[in-house]
Amino acid sequence: MAFRKKSTKNPPVLSHEFILQNHADLVACVGMFFVLGLMFEGTAEASIVFITLQHSVPFPAAEDRATESKFLYYYGIKDLATVFFYMLVAIIIHATIQEYVLDKINRRMQFPKPKQSRFNESGQFSVFYLVSCIWGTVILVSENCLSDLTLLWRAHPHNMMTFQMKFFYISQLAYWFHALPELYFQRIKKQDIPRQLVYIGLHLFHIAGAYLLYLNHLGLVLLMMHYFVELLSHICDLFYFSDEKYQKEVSLWAIVFILGRLVTLIVSVLTVGFHLAGGQNRNPDGLSGNVNVLAAKIAVLSSSCTIQAYITWNLFNVQLQRWMEEDVPLQAPSVKKKRTKGRSSRKGTENGVAPSNRVDSPHKRKEKSS
């Protein structure tokens with residue numbers, strides 16, 4: 001995500017440079033195409049599929065108010081269209097934050113190119129994780145998940161989701177899908193693309209798994225813990241980029257990181273152990289949310305343990321790389337001094353002996369001959 005300088009010359013239309021510079025405007029035009037479709041009767045039904053949540057079912061709100069009902073949601077094939085539309089919205093928001101916030105900070109701070117890329121990445125993720133943490137906490141409080149822990153493994157009646165729960169998962173999937181074309185729009189280096197693809201793929205896999213298996217509350221709690229640790233990590237990186245004196249204080253976040261990984265594993269094991277171990281169903285039906293089978297237990301636990309181990313291993317690698325980068329500048333000047341001393345001594349000996357012999361020897365020969 002390097003800082004881009006806008007050139008005064010306009011590139012050719014639909015060229016590679018034109019798309020990179022104006023991708024937000026092009027995506028906004030595509031999004032407006034779906035919004036304008038709501039104004040016409042012939043295209044309104046197709047546009048609604050992209051903009052609003054689909055697969056809703058009326059459900060009685062309470063026994064004493066049987067006439068009143070609220071809509072609950074399940075997932076279906078139409079959700080792909082909704083994810084696509086909000087992926088376009090995520091690209092527009094990403095470009096807005098980049099141009100009006102991060103690029104201005106880059107101009108003022110004048111970071112070198114390696115730091116520009118890391119600063120932009122941390123800035124974008126900090127905004128996303130902060131909004132997601134606030135939004136997810138509001139959902140957990142409104143659905144009484146913090147007071148009733150059984151909701152972690154108990155699906156909603158008839159395996160349905162509330163509007164805010166489904167919209168949260170749709171938005172999460174849209175954001176991580178939008179990160180794929182951003183690899184091209186932000187000119188990510190080729191050596192960094194595999195790392196980014198693994199990072200994006202792991203998030204998509206676990207978010208989609210919780211969404212499709214109706215483990216919505218469990219997935220939301222785990223996401224909040226993961227996002228909080230990641231938010232702290234990127235905020236520490238932003239402080240480190242602004243002033244390197246925060247290096248020692250920033251390294252303290254590793255303790256919170258390890259605690260977050262441990263709590264995530266504990267919650268996953270307890271949820272799967274107490275709920276899914278309560279009974280075995282011989283006829284698993286993933287579409288209806290019936291995941292109380294041995295295969296589902298193994299899949300949930302193994303995926304949770306694998307992602308925690310992978311993230312922890314990446315932490316150790318990043319910290320070791322930073323320590324090695326910090327040690328190199330300290331050792332380099334001493335080596336250069338030794339080399340310069342050796343060279344100067346050699347030059348001194350050469351200047352003291354060899355040039356004098358070369359210059360004086362012809363004169364001495366002339367004097368002797370005369």
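The values are calculated or read from the model by the stated rules, or taken from the named source; none is laboratory data. Since the structure is predicted, the reported quantities are computational estimates derived from the model, not experimental observations. Cβ: placed from backbone, ideal geometry, glycine included. Neighbour counts: every protein chain shown. Quick note on the areas: whole protein, heavy atoms, side chains included, nothing else; ligands and nucleic acids left out. Shrake-Rupley method; radii C 1.70, N 1.55, O 1.52, S 1.80 Å.
Please give the number of the condition G201 fails out of (1) farther than 26 Å from H55 by Cβ; (2) free of Cβ contacts under 8 Å to residues at least 12 places away in the same chain.
Exception for G201: condition (1).
Identify, by number, the condition in (1) touching a Leu at 6+ places or on another chain (Cβ under 9 Å); (2) in a helix (DSSP H, G or I) that M32 doesn't meet.
(1)
Scanning for something in a helix (DSSP H, G or I), open to solvent by 30 Å² or more (accessible area, probe 1.4 Å) and farther than 21 Å from Y75 by Cβ, does segment 148-170 turn up at least one residue?
Yes, the conditions are met somewhere in segment 148-170.
Looking at (1) at pLDDT 65 or above; (2) farther than 19 Å from C145 by Cβ, which is the one condition that is false for S268?
(2)
In the set T67, T43, which member is surrounded by fewer than 17 Cβ atoms within 10 Å (Cβ to Cβ), over 25 Å from F125 (Cα atoms) and modelled with pLDDT of 90 or more?
T43
Need the failing condition index for R187 against (1) open to solvent by 30 Å² or more (accessible area, probe 1.4 Å); (2) touching a residue at least 40 places away in the same chain (Cβ under 8 Å); (3) not in a loop (DSSP other than H, G, I, E, B), just the number.
Result: R187 passes all but (3).
Which residues, taken from segment 70-124, are open to solvent by less than 20 Å² (accessible area, probe 1.4 Å), under 20 Å from A174 (Cβ atoms) and polar (S, T, N, Q)?
T82, Q98, Q124
Collect the residues in segment 204-222 that are in a helix (DSSP H, G or I) and open to solvent by less than 20 Å² (accessible area, probe 1.4 Å), keeping them in residue-number order.
Within segment 204-222, I207, A210, Y211, N216, H217, L218, G219, L220 qualify.
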